[in-house]
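Student: Provided herewith is a single structure, encoded as structure tokens, for subsequent inquiry.
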Amino acid sequence: MCGIVSLIYGRENPCLGKESEALLGRLEYRGYDSTGAAFIDEAGNITLHKQVGAPSKVCPVLGIGKLGGQRFIGQVRWATYGSVTDLNSQPHRVHCKIELVGAHNGNISNMDSLKAWLASRGHAIISDNDGEILVHLVEEHFSTNARLSSADLANMRQAYAASGLRDGVSNTILRMIDALRKAEALVEGSFAAAIADPDLPGVFAMKSGSSLYAGVGSDSAGNFIVVSSDLTSVLSKTRTLIPLSEGEGIWFTQDSYLVFNLRGNPGFSRPRLKRSKLSVKDTQLNPKYRHYMEQEILGSPADLDQILMYYFRDEKDDGLSAIFEERKDECKESANALAGLSGRFGADSLKEGLDSVLSAAAWATVVARVDSSGKLPGPQEAYVSDEAEILSELESIAPSRAADLALADLIFVWRKRRVVLRYLSELKSSLLEANNSGGRIYLVASGSSYHACLTAAFFFNGLPRLPVYPCNPGSFRSMYLSCLRNEDFILGISQSGETKDLIDIFQDVKNKNPAIRRASLVNNENSRIPQELSDFYLPILCGPEIAVAATKSFTSQLAILYLVAAGLVLPERDVRLRLITARKLLVDTLGSLAPAIDAIAERLFLRPSMQVLGTSLIGLAKEGALKIREVVLNHTEGYDCVEFKHGPNTILGRNTIFSLKELTAFLDGYRAFAAKEKPAADAGAEEILSAHPGLLEPLFGLYPLIFICPPDDRDARITVSQINTHKIRGAEIVLIAERRQDLALAVESRPMGEAKYWSAFLEIPHTGDPELFVFGATITLQYLAYRMSVKKMECLNRLGVADHGVHPDAPKNVSKSITVD
């Protein structure tokens with residue numbers, strides 16, 4: 001995953017470089033192998049700067065913040081095609097036939113064949129990057145299209161006329177749009193791109209399988225339009241969005257835009273602007289936190305509040321929901337009309353629209369019915385629905401309408417809750433139907449979401465005794481795709497709703513076995529998986545997740561999968577009370593364990609390798625290991641507790657994985673030895689070490705094992721056995737569990753003759769419930785990884801280690817897409 005961004009003003013802006021540097025900085029989490037920025041001034045001159053490195057390092061070095069211009073295209077790269085070099089950095093400037101500059105994010109899988117074809121057409125490809133291939137493809141077709149006459153463009157002219165747009169569009173713009181469509185048709189893969197011709201007004205962008213957002217605004221430099229693969233960078237400039245769908249392109253200047261389809265017959269539109277339901281504050285770092293990862297871990301309890309609000313009937317609504325149901329048609333009509341005001345701009349227009357909605361018969365009917373029950377709410381301190389932003393803006397314009405807006409907020413919550421509850425019921429029915437008919441239930445996901453699936457299998461086994469098959473897309477394709485039956489059911493889980501591997505699986509199933517029902521659990525409700533590939537979906541409701549490593553989305557996934565499993569055997573009220581307990585457990589766990597976790601992080605952060613072993617909790621073990629591996633960059637693996645003894649345990653005792661701390665001790669020992677023994681200047685290292693093997697002793701230490709044990713007698717017995725088995729073979733032990741005497745003795749007792757033995761017991765607050773225990777263990781592992789990351793990053797920074805890539809928010813080699821709106 002890379003990131004692109006483009007910004008255009010109506011005239012020369014001397015501060016465009018400063019704006020661009022800020023936008024590139026917001027994309028850093030998406031790619032930090034290289035950074036590039038292309039500027040076009042009013043005369044059509046292109047200035048291109050790009051270099052290996054993250055925006056935070058490259059922009060100051062290249063002086064990007066000091067540049068000006070009218071148009072800007074930038075890119076941050078997470079390398080896939082082509083090594084990490086300045087030449088492979090983007091944007092790419094080409095001029096084989098016509099001068100263009102452009103950048104893309106995504107992958108073009110048939111770039112080798114396209115490269116050969118372009119070379120045969122006279123193009124000089126100077127990099128190994130697939131982004132350059134795309135820009136050359138557009139160049140090739142645009143240069144060829146220069147020969148198209150008005151008659152040749154008749155088809156596009158007719159499509160434009162049929163769109164109902166009244167303003168004109170030049171033949172040259174149509175030729176470029178046609179070139180983009182032809183280029184897209186040749187490409188295999190998924191991408192988003194921004195391309196500009198210095199001699200044509202505006203910038204052209206394409207959304208072909210990757211996220212792309214566009215926004216309109218105005219600031220001290222004038223009107224502008226900004227386009228980016230990341231929503232947060234657009235929100236940093238404006239909340240007014242241009243809706244873009246998959247398979248569409250957009251041509252934009254500073255204050256106008258034209259949307260066109262990339263596939264099929266030509267089509268044009270100018271979709272109505274809309275407000276984002278998010279604002280930039282929703283994606284900002286709260287000053288009381290140092291990093292997004294910390295903010296998101298500690299924000300998990302608030303995310304469970306969202307789940308409690310939408311996945312359960314509110315016992316405290318004093319019968320309002322029943323009234324809303326009674327007047328559901330009027331409530332829906334009013335809610336739709338109020339939500340539609342997000343397409344209005346300007347205080348006068350908003351006020352006019354609000355007055356119209358609140359004076360309509362539908363609203364009057366709802367207010368009268370609520371008032372007659374004595375349940376009419378007063379003004380609220382804060383709105384809580386998805387429409388909170390527009391409601392807050394409306395209140396600032398019409399403060400006398402605060403009570404009406406408070407009622408509207410409750411209606412918005414009721415409206416979404418009834419949809420969530422309907423689909424929750426459908427999911428439960430689908431699970432039972434698949435099981436009862438002899439079908440299989442597959443939970444398919446990638447990365448942390450896959451680990452949530454593994455943990456969900458623990459929930460379904462322990463609560464409703466329902467078998468499910470968790471798998472990642474690769475294992476599903478290789479082990480189950482050809483074995484599917486119509487009675488099967490597939491639940492896909494994805495934070496972004498755009499996970500390419502999962503999209504491919506859903507498309508395969510849809511094409512080969514259309515009778516199989518598919519559902520999804522996603523954070524981005526407007527993404528492709530829920531909207532195009534699922535029969536129905538449920539929302540994760542955790543808001544934007546900025547840090548690359550998934551934390552709060554994982555916790556929210558667990559909460560929803562838990563309530564689904566528990567809801568198959570328990571009444572709703574009991575499930576709700578259990579989830580409230582889980583929320584409290586998240587708070588209490590860190591409240592009591594944060595200092596102990598920090599002390600363990602201090603001991604472990606420089607250990608180059610460790611294992612996380614879960615008794616009955618393989619999914620949680622893998623997720624805990626992934627978090628450490630992602631943000632600390634220490635080799636970490638997650639295993640089933642018992643499985644570890646079947647081969648992986650050979651790493652215990654003496655091994656050749658040495659930490660920085662151990663290497664330092666070795667060097668200190670060698671200095672003392674050299675000062676005393678004065679080895680010959682030509683003596684080789686192996687010769688010296690063979691003659692003095694004691695020099696190697698400081699390198700050998702105990703190997704860290706992190707055990708996770710739920711409150712279950714059998715699991716406790718297994719864990720005690722495995723701790724005793726491994727600590728006598730050179731392990732030091734960290735145990736995450738609820739307090740038990742047998743576990744405590746196993747951890748704390750020192751093996752005879754092992755003076756170096758060390759252990760720690762992180763005691764999760766008592767629940768006595770194996771499933772609820774998961775939530776306390778989850779936040780413990782997440783916070784441990786976070787503290788280890790911070791400590792290692794600070795250590796390597798002090799030592800002056802360049803490009804070490806350790807960062808809790810943006811570790812090297814991984815990226816993610818922030819797509820929630």
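Student: Just going by the charge dipole of the chain, with Lys and Arg at +1 and Asp and Glu at -1 on Cβ, which of Pro711, Asn45, Val575 is farthest out on the positive end?
Tutor: Pro711
Student: Considering only protein heavy atoms and a 1.4 Å probe, what is the carbon-and-sulfur percentage of the accessible area of region 45-153?
Tutor: Reported share for carbon and sulfur atoms: 53 percent.
Student: With a cut-off of 8 Å between alpha carbons and a minimum separation of six or more residues, what is the relative contact order of region 1-83 in percent?
Tutor: Computed over region 1-83, the figure is 46 percent.
Student: Which value in nm describes the separation of the simple spin-label points at Ala680 and Thr80, placed 7 Å from the Cα toward the beta carbon?
Tutor: Each label point is offset 7 Å from its Cα along the Cβ direction, giving 5.7 nm.
Student: With a point put 7 Å past each Cα toward its Cβ, work out how far Asp167 is from Ala755 in nm, to one decimal.
Tutor: Each label point lies 7 Å from its Cα, and together they span 8.2 nm.
Student: Further question on the same structure: What per residue convex hull volume, in Å³, comes out for region 689-797 when only alpha-carbon positions are used?
Tutor: 117
Student: Here is a further query. In Å², what does the accessible area per residue of the chain work out to with a 1.4 Å probe?
Tutor: Spelled out: the 1.4 Å probe surface of the chain, per residue, equals 39 Å².
Student: In addition: Ranked from the most accessible area to the least, with a 1.4 Å probe and all protein chains present, what is the order of Val419, Val366?
Tutor: The ranking, largest first, comes out as Val419, Val366.
Student: Apply the membrane-span-like helix rule to the chain: whole DSSP H runs, Cα extent along the own long axis of at least 24 Å, mean Kyte-Doolittle hydropathy at least 0.0. List the helices found.
Tutor: 402-436, 572-604, 770-799
Student: Given H placed 1.01 Å from N in the peptide plane, which residues other than close sequence neighbours of Gly10 have an amide H under 5 Å from its amide H?
Tutor: The answer is Asn223.
Student: Could you work out the Rg to Rh ratio of region 194-269, with Rh taken as the Kirkwood radius (inverse of the mean 1/r over all Cα pairs)?
Tutor: For region 194-269, the value is 0.96.
Student: Determine Rg/Rh for region 341-437; Rg is computed over alpha-carbon atoms and Rh is the Kirkwood hydrodynamic estimate from the same atoms. Could the numbers behind the result be given before it?
Tutor: Values: Rg = 17.6 Å, Rh = 15.4 Å.
Dividing the radius of gyration by the Kirkwood radius yields 1.14.
Student: Where does the chain land at 222 nm, in deg cm²/dmol rounded to the nearest 500, when only DSSP H runs of n ≥ 4 count, each adding -39500 (n - 2.57), divided by all residues?
Tutor: That calculation yields -14000 deg cm²/dmol at 222 nm.
Student: At most 10 other C-beta atoms within 10 Å and a DSSP loop state: those are the exposed GluC sites (Glu not before Pro) I care about. Give me the longest piece of the chain that has none.
Tutor: Counting at most 10 other Cβ atoms within 10 Å as exposed, the longest clean stretch of the chain is 382-821.
Student: Once fully extended, how much extra length lies between Asp305 and Ile688, figured as 0.36 nm per residue of separation less the alpha-carbon to alpha-carbon distance?
Tutor: Contour length minus the Cα-Cα distance gives 131.6 nm.
Student: Set Lys and Arg Cβ to +1 and Asp and Glu Cβ to -1, take the dipole of region 179-277 about its Cα centre, and tell me which of Ala179, Leu244, Leu273 lies farthest positive.
Tutor: Going by the charge dipole, the pick is Leu273.
Student: Another question, then. Compute the length gained on full extension between Ala22 and Ala119: take 0.36 nm times their separation in residues and subtract their Cα-Cα distance, giving the result in nm to one decimal. Don't skip to the answer; put the middle values down first.
Tutor: Values: separation 97, 0.36 × 97 = 34.92 nm, distance 3.70 nm.
Result for the pair: 31.2 nm of gain on full extension.
Student: Same structure again: Mind listing the phi-derived Karplus ³J(HN,Hα) values for region 689-694, rounded to whole Hz, using 6.51, -1.76 and 1.60 with θ = phi - 60°, and x for any glycine or proline?
Tutor: 5, 5, 7, 9, x, x
Student: Pull up all non-local amide H partners of Gly53: gap of 5 or more, or a different chain, and H-to-H distance under 5 Å with H placed in the peptide plane.
Tutor: The list, which skips near neighbours in sequence, is Ser34, Thr35.
Student: Along the charge dipole of the chain, Cβ charges K/R +1 and D/E -1, which of Met206, Ala599, Leu617 sits furthest on the positive end?
Tutor: Leu617
Student: Each label point is 7 Å from the Cα along the Cα-to-Cβ direction; what then is the distance between the points at Lys316 and Lys97, in nm?
Tutor: 6.7
Student: Averaged over all directions, how much area does the convex hull of the C-alpha atoms of region 153-295 cover when projected, in nm²?
Tutor: The directionally averaged projection comes out at 10.6 nm².
Student: Now for a different question. Can you give me the pair-distance distribution of region 475-536, C-alpha pairs, 5 Å bins, whole percents?
Tutor: In order of increasing distance, the bins hold 4, 20, 33, 24, 14, 5, 0 percent.
Student: Can you match Rg and Dmax of the Cα atoms in Å to one of these, (i) 33.8, 103; (ii) 29.3, 99; (iii) 27.4, 85, based on a calculation from the structure here?
Tutor: Checked against the structure: label (ii).
Student: Okay, next question. In region 413-479, carbon and sulfur make up what percent of the accessible area (probe 1.4 Å)?
Tutor: Carbon and sulfur together cover 47 percent of it.
Student: Can you say what percent of the DSSP beta bridges in the chain, counting only those with both residues inside, are antiparallel? Round to 5.
Tutor: Working: 64 of 105 bridges.
Roughly 60 percent of the DSSP beta bridges within the chain come out antiparallel.
Student: Could you give each residue of region 464-473 its phi-based ³J(HN,Hα) in whole Hz, using Karplus coefficients 6.51, -1.76, 1.60 with θ = phi - 60°, and x for Gly or Pro?
Tutor: x, 6, 10, x, 10, 10, x, 7, 8, x
Student: Please turn the phi angles of region 224-229 into ³J(HN,Hα) values with the Karplus equation 6.51 cos²θ - 1.76 cosθ + 1.60 (θ = phi - 60°), one per residue in order, whole Hz, x for glycine and proline.
Tutor: 8, 10, 10, 10, 7, 6
The values are calculated or read from the model by the stated rules, or taken from the named source; none is laboratory data. Please read these numbers as outputs of a predicted model, since none were measured by experiment. All Cβ positions, even for glycine, are placed from backbone atoms using ideal geometry, and neighbour counts span all protein chains on display. Side chains included, ligands, DNA and RNA excluded: accessible areas come from the protein's heavy atoms. Shrake-Rupley method; radii C 1.70, N 1.55, O 1.52, S 1.80 Å.
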